[in-house]
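Take a look at the structure set out below.
The values are calculated or read from the model by the stated rules, or taken from the named source; none is laboratory data. If you're wondering where the values come from, they're calculated on a predicted model, not measured in any experiment. Here the Cβ positions follow ideal geometry from the backbone for every residue, glycine too, while neighbour counts run over all protein chains shown.
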Amino acid sequence: MELWQKVEGVSSMESLADFLQSASEDFKNNAENWENRDLESFLEAMSAWIADSEAWFERRGLPLPSEEAWALVANAVMAASMYE
């Protein structure tokens, strides 16, 4: 299954963790297909996408994620910066 197809199956913290593990494996095996290959450019791209994401959700007829979902992302990034 392609990584983009796995995004559609994310509906819980467990499935998000599984998706992120798959993304890590995909990067290890297919880094040449990733636009952002270092942490700095990856975080900058994530920031830019989030800033523009309202239109992305609207075009797809999807509701915006809750404030709790955005807080989860922020906490995950902070925790991953120091988690062993």
- Item | Among (1) outside any helix (DSSP H, G or I); (2) over 14 Å from the mean Cα position of the chain (by Cα); (3) surrounded by 10 or more Cβ atoms within 10 Å (Cβ to Cβ), the one test that Asn36 misses | (2)
- Taking the range 58-68 and keeping residues in a helix (DSSP H, G or I) and farther than 21 Å from Glu35 by Cβ leaves Glu58, Glu67, Glu68
- Where residues in the range 1-33 are outside any helix (DSSP H, G or I) and not charged (D, E, K, R), which of them is modelled with the lowest pLDDT? Met1
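If you go through the range 75-84 one residue at a time, how many are more than 19 Å from Ser15 (Cβ to Cβ) and either surrounded by 10 or more Cβ atoms within 10 Å (Cβ to Cβ) or at pLDDT below 95 (or both)?
Kept after step one, since they are more than 19 Å from Ser15 (Cβ to Cβ), are these residues of the range 75-84: 78, 81-84.
Now restrict to residues that are either surrounded by 10 or more Cβ atoms within 10 Å (Cβ to Cβ) or at pLDDT below 95 (or both): 78, 83-84.
Of the residues in the range 75-84, 3 are more than 19 Å from Ser15 (Cβ to Cβ) and either surrounded by 10 or more Cβ atoms within 10 Å (Cβ to Cβ) or at pLDDT below 95 (or both).
Okay, residues lined up against (1) closer than 16 Å to Ala69 by Cα; (2) surrounded by 10 or more Cβ atoms within 10 Å (Cβ to Cβ); (3) touching a helix residue (DSSP H, G or I) at 6+ places or on another chain (Cβ under 7 Å); (4) among the acidic types (Asp, Glu):
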position	(1), (2), (3), (4)
Leu3	no, yes, yes, no
Ser12	yes, no, no, no
Leu20	yes, yes, no, no
Leu43	no, yes, no, no
